[in-house]
Amino acid sequence: MIQQLPATMGRLLDTARTLLHQQSGPLTRELLLAPGRFGLGMLPTKEQPDAVTDMVCGYCSTGCGLRVHLKDGEAIGLTPTSPYPVNLGMACPKGWEALNVLTATDRATIPLRRHASGHFEAVSWPVAVDTFVSRMRHIQRFHGSESVAFLGSGQMPTEEIAFLGAFAKFGMGVRHGDANTRQCMATAAVAYKQSFGFDAPPFTYADLEQSDVLIFIGANPCIAHPILWERVMRNRRSPQIVVIDPRRTETAMQATWHLPLRPKSDLVLHYGLARQLIAIGAVDQTFVAAHTSGFDDFQQFVQPYTQEVVAAETGLPGDTVERLARLIQRGTAVSFWWTMGVNQSHEGVRTAQAIINLALMTGNIGRPGTGANSITGQCNAMGSRLFSNTTGLLGGRDFLNPDHRGEVARILNIDETVIPHKNSLAYPEILSEVRAGRIRALWVVGTNPAHSWIDQSDFHELLDRLDFLVVQDMYLSTETASKADLVLPAAGWGEKAGTVINSERRIGLIKKVTRAPGQALADFHIFRLLAEGWGVGEMFREWTSPAAVFQILKRLSRGRPCDISGIRDYAHIDECGGLQWPVPESLVEPSTERRLFADGGFFHVDGRARFVMDTPVPLPEPPDAEFPLLLLTGRGTVTQWHTETRTAKSVVLKKLAPPDLQLAMHPDDAERWALAPESAVTVESRYGTLDATVLVSPTVQKGNVFLPMHHPSVNQLTAPQFDPHSRQPSYKATAIRVRPRSQRARVIEPTKMN
Amino acid sequence: MSSTLSCPPPAPSERALRTLVDGLLHEQGQLTAVDEFERALEESLVPDQARYYRALLPARPLRDGEQYGFEVNLDRCSGCKACVTACHSLNGLDENETWRSVGLLVGTRDERPVLQHVTTACHHCVEPGCLSACPTLAYEKDPVTGIVKHLDDQCFGCQYCTLACPYGVPQYHAGKGIVRKCDLCSQRLARDEAPACVQACPHEAIRVAIVSVAEARERATRGEFLDACPAPHHTTPTTRYTSQRGLVADGTGHGAKSANGMSAADRFAIAPGHSHPPLAAMLAGSQWSVGMYVALAMLTTVPNSLFSPVSLCHFVLTLFAFGLGALSIAVATLHLGRPWLAYRAILGWRTSWLSREALVFGLFMACATAGLAASVNVAPNLLGIPQWIHHAGFVGWMAPLHMATAITGVAGVWCSVMIYAVTPRPFWNVRDTALKFFGTSFIAMAWTISTAGLMEIAGEHLSPHATISASSWYLVIFGSTLLLVGWSVKVGNELALLTTRERFPNHWRARTAHLLNGALSGLVRWRVVCATCGAVSLLAAIGAANAFGSSGTSAMEGVSSMSNLSLPTLAVTVGCGAAGLFWLASELIERTCFFTAESTPGMPGGNGS
């Protein structure tokens, strides 16, 4: 008893101490870390994985490797894959949060059919399939097989993209289909095809580290492709970084030289630059003579683009072209990189080709740190470009070419007569057909055009004209799904398997690491069901799984520039950390980073690249007295992706994005129109209006304003202008005007910010 | 193609389709990634990521006078915000919880259209504001590493640290009722692993550096930290921002805009702050109570007092003062995330004004309780208290007890003032805060004096034999004059702020005025309405009392004989009571504005952060 007393006292003292000053306990334990296995480093004790697997991210075309942490086979978290050659252990916030957007409450979990009353009713899959088949067949019977069209997505794995294109065209007899890649990569694809003979981005990401002059044109990788910027930051050669962009973007901030030219004046700049390069003798005559054609014409063509002409058109100082030409001449490895500033333009193809011309004439191609390099948008834009079976036949082929049709028929073991003899209409033309009443049914898969397509109110009106709109998507809350007659619930990234191809042609894997909600099915499974329901199951007997279709894709690619027949299977890709095409069977051990054209051989029949050029044309709709400002649109922040169907579902990503729609405007313009910072304004174009708040910022030029593209109303304003060759919309040049929405905003002394 | 249409293949039977659907749904539910891609991963002792972050960690152990701190190379921060999500993810934070943020600085001059993202987390200050403010000793500064750690289990969720930190670092987690914050991933550092943000920055912009405390102090004294953010001398942050672009503050300007022409991108986006209802109620209520006790002490101490401690009026006023004081202090605990740990509030008395406030108000309540007990004993036998309890002797205790209550109360209000005055928030400067808080007490005091006088007049009327003494009217006039003066000074000071000539949005006065004139203008209006109603009520009470003095007596005699409470007495009582409640409400609204109109820029935000 006596002996126990000190112990009791001790316990009492401990309790008292804990009551007064508690150093640890349940709340502390919640944040306790434990050493992670699988080379992961420390992780929260509550989130320790029992296995890991690597896959690539499903947002943008960078194609980062993510190591998914699994517990009992199911994903519980992820970290960027440290050894993956693309991202070197890093990811942007979208990648870090990739799993968290899958559990959103607005996921589509069961097929929905619009009832006569206008409301959705939940139906079973067999009923949904029957509805799809009977309505589509009915419309085709009365209006012809061409009255049904589809719009696919660069967000799906290649196997699904190919299945959609093959089933729609060969199975359903659909003639016209396109994908949202029209909105981002069509220009680059057409430019490459005409210049190189094949849609072939020549570069590998190591080029970003190996250049001594990097020229970014209409690209803001700091925001749009942050992990590519990682590679630029790891360039140890103290490179010169030139950013050609009307806006002072984050990338422009990081540049050694920013050229804030007038919007859409870059074609003139490139021609002027070419003229100057010729003048100072910076042309690689040997390369030009051996590997290109059309240089003499080009040399003649650029003569009128003198420094004075360039200065007048671009608004840049008179010596810009001279300085830039010298910089390129001095550079031993010069690389050119472009994105949407070039692609989304009324003359984007020619602008992209003007960039390609610069690389060709200076011999900056095929060597480390060089290239005319298009940075892609979506995670599988490249897969869509090669295998969507829309405007081109499977494997980068041509519907117009009887040999190509024969090859495909043989490889797929189908009747050659089911292969159309004409290419699909492009996206804008499909919509014209809707307007004309010739297309009556639309099948939209994995994209949200009711938000993202240009001139939105017109697009909404066209949707209303349709007899039947099928939307196949992960989320039922998208602007497009809400207008559908039939919603097919799809599993998303992480809930299905397949391959995607990134900007540097690297084929990466996505895997099934978590369960789709409710009855949502992988798009692949949905295509299988619909093919069965359509009665063409036999045609797709071999298309049983993404892995099986990958073997079909290998056969389709054999002998093509995008040959992947040397890739064994998914496990091969997994082991190698992704593989860049081409991987012909003859290639035994492909190295980790490979570029095209090292031997100077291009894909035209004569093996030569072409100089392609055209006289620049003025903006179709320049600002005028009525609409005095030019609206540019683009990526807002890193944490926002396109129409935000996914990114808006992560609390953290949402927290890291602006809470409302902000119109960036130069201080002088704000003063001119007496608009106070943060004041509410109405923005009007010839096509629509929207409400925004003013963000006064000298990062946009006088006369320009900027809106991030993620807000659902932004395309109310955009003018329906397209590149004549690629038919890609020109989202970044609409004449607008701004007026204050409320008088109260004027209480604050306007605009003077100091 | 046309053949497909002209001769549609036979549709499969529904049963076949159903079988296929079932099969596909089953397949969809199978997680196969592990089986299909089984491959041995090397189980190395060193994390795979170490190859990228090794150079970003200190190369040698700490020496005396040194600590760890973040070092951010702004020229490499491109605004990708990966650090925020990595911190969130690798530390297992809750869905909406972020310990790191990324703000934006923008150039405001045309020739310098700068756009600079700024990643920021805890600065592990040499003099942590959170630590000295914490009333429960829930913060520790590690003696070796200098890391400022938060003891989650010790915290009771008062959130005072969130007000005391100039940089908005401690984050209140409402679900758990505590604050949590960055600890520089001390668990990782202890194993030579880099903090989550350092591991995840694609551009190697963040590193863990060894900071000389003496140098950190020198830099803070020079004002060297970062443009357009709070001045560093307050807490001596150890994070070092480096830049070749001249973005590091050279001590020439702080606040939302710097002398270099850099501004926080969110400087115009000013939203009302949290209203903290329990705190507003606690402040206004306790200060009102203290004011009443000051008046009661004066009235009972002054020789030849005009105010008898034996009166019902004294008892009612004492009861009201006590009740309000007790209620306000009780309400304050509702502010706590974990109110059952309220007893820990006094532990930090050495440094925390919140602890001191808790201690002093504890004493205040003790004195007030004694005073109430005494006043119960001397009160007229209205409450059914047996006569034998009454001791005339207690009468003598009243004045000293009220005095003790008043003195501790005034000390308590001073502690309340200091709680806010020591935070780095200029709207809560000591002069204005003292004026506000003591102003409330002053108004309460003046109201109590007026009420005492008026109730005396009404009370005298109850007894038909008494004559209304002029001295009661002196009390009324004295109290009302004080009220008028107190109110004018207080409101005058507030109006001066509303019409400030400082330029929006960089000066705190302009920011607060912008809120009070804009989003909070409704509250300001209600404050004036309430105060006006209070004045009208008091005037009505004076009018009713005056009615006795002049002609009312005879006219009302009939009524008073019918009931103990005559109509004019009732009018005086209701008028006084209403005046008090209206003014109290008005002060409560002002105290709500005290919290909601506070807008001191922390680290730059903007573009989401």
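The values are calculated or read from the model by the stated rules, or taken from the named source; none is laboratory data. If you're wondering where the values come from, they're calculated on a predicted model, not measured in any experiment. Ideal geometry is used to build each Cβ from the backbone, glycine not excepted, and the neighbour counts take in all protein chains shown. Surface accessibility is based on the protein's heavy atoms, side chains included, excluding ligands, DNA and RNA. Shrake-Rupley method; radii C 1.70, N 1.55, O 1.52, S 1.80 Å.
With every protein chain in place and a 1.4 angstrom probe, the accessible-area ranking of B:Asp48, A:Asp691, A:Asp398, largest first, reads A:Asp691, A:Asp398, B:Asp48. Let me test this: with uniform point scatterers at the alpha carbons of segment A:626-700, what is the Debye-based log₁₀ I(q)/I(0) at q = 0.16 1/Å? Scattering profile of segment A:626-700, log10 relative to I(0): -0.68. For the residues of B:149-156, the average number of beta carbons from a partner chain within 10 Å of their own beta carbon is 5.
Here segment B:48-135 is treated as an ellipsoid with the same Cα gyration tensor; its semi-axes, largest first and in whole Å, are 25, 20, 19. Shown is the FRET efficiency for A:Thr103 and A:Asp691, computed with R0 = 22 Å from the Cβ-Cβ distance and rounded to the nearest 0.05: 0.10. Counting only other chain Cβ atoms within 10 Å of each residue's Cβ, the peptide A:651-661 averages 5.
Whole-Hz Karplus values for segment B:206-213 come out as 10, 9, 9, 10, 8, 10, 7, 4 Hz, taken residue by residue from phi with 6.51 cos²θ - 1.76 cosθ + 1.60 and θ = phi - 60°; glycine and proline positions read x. Anisotropy class assigned to segment A:447-527 is oblate, per the alpha carbon gyration tensor with a/c at or over the 1.5 cut-off and a/b no larger than b/c. Estimated from helices alone, the mean residue ellipticity of chain A at 222 nm is -8500 deg cm²/dmol (sum of -39500 (n - 2.57) over DSSP H runs with n ≥ 4, per residue).
Checking the Cα-Cα distances for A:Lys654/B:Lys81; B:Lys81/B:Lys176; A:Lys649/B:Lys176 against a 19 Å cut-off, the pairs over it are B:Lys81/B:Lys176; A:Lys649/B:Lys176.
Once the Cβ-Cβ distance of A:Met9 and A:His572 is raised to the sixth power relative to R0 = 56 Å, the FRET efficiency obtained is 0.20. Can you give me the Cα centroid spacing of segment A:1-47 and segment A:236-269 in angstrom? That distance is 56 Å. Sorted largest first, the spans of the alpha carbon positions of chain A along the three principal axes are 109, 70, 62 Å. Each label point was placed 7 Å from the Cα along the Cα-to-Cβ direction; for A:Ala674 and A:Arg739 their separation is 1.3 nm. For A:Arg37, the solvent-accessible surface with a 1.4 Å probe is about 110 Å², rounded to the nearest 10.
The fraction of accessible area contributed by carbon and sulfur in segment A:598-676 is 54 percent, rounded to a whole number (1.4 Å probe; ligands and nucleic acids excluded). Computed with a 1.4 Å probe over protein heavy atoms only, the accessible area of B:Ile477 comes to about 100 Å².
Calculated on C-alpha atoms, the gyration radius of segment A:404-543 divided by its Kirkwood radius gives an Rg/Rh of 0.99. Spin-label model, A:Arg555 to A:His21: label points 7 Å out along the Cα-to-beta-carbon direction sit 7.6 nm apart. Each of A:Glu538, A:Glu504, B:Glu215 has its accessible area taken with a 1.4 Å probe; listed largest first, they run A:Glu538, B:Glu215, A:Glu504.
Rounded to the nearest Hz, the phi-derived 3J(HN,Hα) couplings of segment B:429-442 under the Karplus curve 6.51 cos²θ - 1.76 cosθ + 1.60 (θ = phi - 60°) are 4, 4, 5, 5, 5, 4, 4, 5, 5, 5, x, 4, 4, 5, where x marks glycine and proline. Karplus-based coupling profile of segment B:170-182, in residue order and whole Hz: x, 10, 7, 9, 4, x, 9, x, 9, 9, 10, 7, 4, with θ = phi - 60° in 6.51 cos²θ - 1.76 cosθ + 1.60 and x standing for Gly or Pro. Using only protein heavy atoms and a 1.4 angstrom probe, determine the accessible area buried between A and B, summed over both sides, in Å² to the nearest 100. Rounded to the nearest hundred, the buried surface is 9500 Å².
Of A:Glu644, B:Glu27, the residue with the largest accessible area leads and the full order is B:Glu27, A:Glu644 (1.4 Å probe). Separation of segment A:420-476 and segment B:419-456 by C-alpha centroid, Å? About 67 Å separates the Cα centre of segment A:420-476 from the one of segment B:419-456. For B:Lys436, the aspartates and glutamates whose Cα falls under 15 Å of its own Cα, not counting residues fewer than eight places away in the same chain, are B:Glu494, B:Glu587, B:Glu590, B:Glu598. For the segment A:634-646, counting C-beta atoms of other chains within 10 Å of every residue's C-beta and taking the mean gives 2.
Diffusion coefficient (Stokes-Einstein, Kirkwood radius over C-alpha pairs, 4 °C, 1.567 mPa s) for the protein assembly as shown: 37 µm²/s, rounded to a whole number. With each label modelled as a point 7 angstrom along the Cα→C-beta vector, the B:Arg51-A:Glu47 pair spans 2.4 nm.
Accessible area of A:Thr615 (1.4 Å probe, protein heavy atoms only, ligands and nucleic acids ignored): about 90 Å². Roughly how many Å is it from the Cα centre of segment A:608-659 to that of segment A:484-520, as a whole number? Cα centroid of segment A:608-659 versus Cα centroid of segment A:484-520: 26 Å apart.
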